[in-house]
1. Can you give me the Cα centroid spacing of the stretch C:114-154 and the stretch C:237-261 in angstrom?
2. Would you kindly calculate the mean projected area, averaged across all directions, of the convex hull enclosing the Cα atoms of the stretch A:77-226, in square nanometres?
3. With point charges of +1 on the Cβ of Lys and Arg and -1 on the Cβ of Asp and Glu, referenced to the Cα centre of the protein assembly as shown, which listed residue (B:Thr102, C:Val96, B:Leu441) lies farthest in the positive direction of the dipole?
4. Write down, largest first, the equivalent ellipsoid semi-axes of the stretch B:124-176 in whole Å, where each equals the square root of 5 times an eigenvalue of the alpha-carbon gyration tensor.
5. Considering every residue in C:128-138, what mean count of other chain Cβ atoms within 10 Å of its Cβ is obtained?
6. Considering Cα pairs under 8 angstrom that are at least six residues apart, work out the relative contact order of chain B and quote it in whole percent.
7. Can you give the % of DSSP beta bridges in the stretch A:1-159 that are antiparallel, to the nearest 5?
8. Along the charge dipole of the stretch A:118-213, pointing to its positive end and built from +1/-1 on Cβ of Lys, Arg, Asp and Glu, which listed residue (A:Val185, A:Leu118, A:Phe173) has its Cα farthest out?
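The values are calculated or read from the model by the stated rules, or taken from the named source; none is laboratory data. None of the values given here were measured: they were computed from a predicted structure. Cβ sites come from the backbone with ideal geometry, for glycine too, and all protein chains shown count toward neighbours. With ligands, DNA and RNA removed, areas are computed over all heavy atoms of the protein, side chains included. Shrake-Rupley method; radii C 1.70, N 1.55, O 1.52, S 1.80 Å.
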Amino acid sequence: MITLTLKAEPGVPLEAEALSPDVVANLSHEKVRALPMFLGKRQVRVDEFFEVDGDGSDEIEIRGDCGKVKWLGRGMTRGRLIVAGNAGMHLGAYMKGGTIEVSGNASDWVGGEMSGGLIRVGGNAGGQVGAAYRGSRTGMTGGTIGIGGSAGLEVGMRMKRGTIAIRGKVKDFAGIEMKGGTLIVGGAELRTGAWMQRGTIVSLTPIPLLPTFAYACSYNPAFLRLYAPQLAPLGISIPFEPTDGSYLLHTGDVAVSEKGEILVWQPRAS
Amino acid sequence: MLRITGGRVYDPANGIHGEVKDISISGGSIVAAVEGPGVRTIDATGMVVFPGGVDVHTHVAGAAINFARAMTPEDHRTAAKFIHSPVTRAGAGGATPTTFATGYLYAGMGYTTVNEAAVPVLSARHTHEELRDTPIVDKSCCVLMANNEILLDLLEQGEVERARDVVAWLVWAAKGYGVKAVNPGGVAAWKWGKDAKILSQPVEGYQKVTPAVIIAQLAAIVDGLNLPHPLHLHCNNLGAPGNFTTTLETMKVLEGHRAHMAHLQFHAYGGEDWGSLSSEASKIAEYFNAHPNLTADAGAILFGNSVTITADGPWQHLLYQLTGRKWGNLDVENETGCGIVPYTYKGGNVVNAVQWAVGLELLLLIQDPWRIFLTTDHPNGACFWRYPEIVHLLMNADFRRERVMKLPAKALQRTVLADLDREYSLAEIATITSAGPARALGLPRKGHLGPGADADVTIYNDDPDREAMFRGPRYVLKGGEVVVEEGDIKKVVEGREFIVQPSFDKSVEDYLRPLFEDYYTVTFDNYPVEVERLEGADIRKLDIS
Amino acid sequence: MGGKVTCTLGEVKNRADFIIYWGGNPADCHPLHFTRYTLTPKGKHVPLGRKGRTMVLVDVRETPSVKFSDIFLQVRPGKDFEVLTTLRALLKGRPVDEARVAETGLSLAVLQDLIERMKKARFGVIFFGMGLTMTRGKHLNSAAILSLVAELNAFTKFVCMPVRGHGNVTGADVVMRWSTGYPFGVSLSRGYPRFNPGEFSTIDVLVRRDNDAALILGADPGATMPQPAIDHLASIPTIVLDPKVTHTSRLARVHITTAVTGISAPGTVYRMDEIPLPLKPILRSPYPTDEEVIRRIREKVKEKPAWLPASFAAVPCA
């Protein structure tokens, strides 16, 4: 394990894609300290902003309020990245494998276009979790993201495969233009599932729906019972027992397709 | 002053095919000899020396390409990055390179002259502003004419003389070099959501004007105005199965006139529908070989990502409906339009495999390298910076055969590429990438290395991997300055723009002025591009024959 | 999603028989729009002028533009996205939830009628304004219009156009695109262009306090932006280039007065349909042009030691 402790707050954002197990794993202590980051337009060394403790390892712990440190874990394929504090934008973007755990909050674009691996954020995330970057036809294609708090706009935009679970509430356009995969939210604001082609959105509380979704039936889908244990490592539980309630199934978005589904939990009235 | 010594020189225009000789340069031009102190020497022993490349058909500047840039941020993200440096501006490559990157990419490949193939008069000012920001290469523009409604109305009324004056006036207003015709009549019909697929059928809204009439009249006008470059024609029915018949008909309409057929590959298909699309390159090549009034550029495709950008609006709407990809469309009042659809050519797709074969078949079956030129209709068929891949396919039959054998069986059955053994020589490559296009464009100081030529010279390491050889010239000189050395941009020079000033009867302006009031939304006085706005304008005044 | 089906304004003048203004008030904000391009002119293929055209106005409240319209549809604030998504479904003949449609302020019957009129138009156009692009949904409201119009082309000729704000915002967009590939929200901090609205767009950068200096040209954020953005501008070295002393100038470190573009300084302006028009200055100014000032600043910047590394050790991130 190598530990990096933030010793100075960056005024402008710090871009630190070098802080990834793939880059750090086999480097000596000195080489890790000399890794380049970008502070605005200037290239800086890691040790200008972090105290480095240990030699290169594929287990990295970062300590401090890194809310302005972007691109942590970019494109990683293995190992473990732990952030004891907040993390900045693009956490785990393009990730292929390995694990990222953040105790605090994350910013926008967690797991942007990731294809594998696990990201777990204890606090809140920003917008565009697991989403496609602007203009890309496809977002996340694999892996799992769990957010303990709330999240922002366009969560799961154009995702194709994989699982996103948000314990709290998300803002507008969750699952917009979704092509597949599973998005679970504690609640949502407007326009959930807008223009979705396929995939499944599960909301644990009632949400407003677009006119282009139609109620189909009320049931307890078998796959959720199988899913639930998979979500346990994310600290997120979803109800599925008929004695507790059932899911209202809505299909849409007929503006583009009929193959998307939104499941809204309805607890049994006691 | 500079001397390139010991290289094997390929200068087809002057009959030099690999002789070891010196090239001398002074004051930006090739000269017979240089001497005295202050002569820099480049030792090119063992290397191959070519005249700088000339791209006769590409889309790199103006409203259409800029629209495509807006539509594809994801392509810029994965493209080659150009980093800001004391010598270079920042930019991105990819399918729609930014302007500075365009200059660096062409120069990096040894190309020094570029013809922007499609310029609407109404936004020509925009095109010239982008060309100003395209460094190193010299440029020319072809101005879109074949769907100009003022012109079509005149042809409808049989007013051929006035039509000629209007064309001349428009070329000068746009500060253009040549005349471009795209899907004659079809883009005008697209303004109502229609197309013009039959050459002998009147265009929507007209009784007498047919695509054939437009083609014949424009070709005659271009010849009559003595434009150095012939009518540059994108035929009707681009991309459609069975369209080779339209192309043959078009070539017949053009008898007696010069014409340059653009991206011929997209116009050489047989079959009745997508399921039976086949190659008819043989029939096209046969006719073409027998008719020396015509030149063409290949418009070959390569597998991979591209963006289709064309004035063929109806075709692009169809492509959007077939593929579900993004679709951009811009109709330009009274003149033309453009459609944009990002597209991916896949080796496993039978249609794409046939298209890939057709481009190469045309290049191999058309006999005279002075008449068929290497292009991909960038970015429609493939990005221009992939030309070296095509050079390798043309020069190495074994390599080509390996690739051909990987095509789906159905594609092999519908093409003849597997039977073609021809290999291009270096001299022929120099012809199709430089000497031939320069001659077709009518640029006497380009495409050769004789005294008086512009000192645009590309020096390659001789490498049996022709793709690597042509991708990475050892040196590139532009106007006698070493601009590229081993892949690095060493110096940036500004290129020139070639413009023609055709003759016209000034009274045509009295005819046009009221039409502008009625049909345009810009005033007549704001329409022409001011000469002062062009940097490095090289203006050639023309007399009527 | 992606792309845009559009035309130049002369096409509208010459052909459009069905014009929709969505989220805009052209009577006040683009006063010549109706008379030059969209309603009153007799076009080549609309010889009857106003009588040959139908104008539909969609907005959240009645504005002076209403009296120019043939049909006024008052949509509830923040419901445009729902209306447009419903229209896309109706175009495809799909069923929608009538009660949820009614929540938009427009009934299903009204929207069915609208879609039929759109399909029957010979040449339809939607002009969309900031009432749409700056309200809840933002760029996705724009995307909704763009998608609907693309799909309408299966039935008839239909185009759309954003009605741009004042100044040469379209020109800035055009130039940014040809030189960087992106229209706005561009960062050059890593030496090459990167684009990410929300990360590099101006309000977001200012509100997050992500920048430590600012140069403001041709805009007055001190008058228009949220207070946290203004406070940040006041706290960092801010430079303003403007013909007038603006709100931003008053909180800036440096204000440089420059000549008024179009009156005293030449250039090109790009109209909302991206047609370039030459600016022909008529008055001399005692002040330098913006261009002169920027060139002089650049000369000084060139004298500074290079700050980008000669080669990139790290992978440049997208």
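1. Between the Cα centre of the stretch C:114-154 and that of the stretch C:237-261, the gap is 38 Å.
2. Over all viewing directions, the stretch A:77-226 projects a mean Cα-hull area of 8.2 nm².
3. C:Val96
4. Working: eigenvalues 167, 18, 11 Å².
Value: 29, 9, 8 Å, ordered largest first.
5. Numbers: counts 0, 0, 0, 0, 0, 0, 0, 0, 4, 6, 2.
Mean shielding count: 1.
6. Numbers: 1345 pairs, mean separation 109.8, N = 545.
Relative contact order of chain B: 20 percent.
7. Working: 10 of 34 bridges.
Of all bridge pairs located within the stretch A:1-159, approximately 30 percent are antiparallel.
8. The residue sitting most towards the positive pole is A:Leu118.
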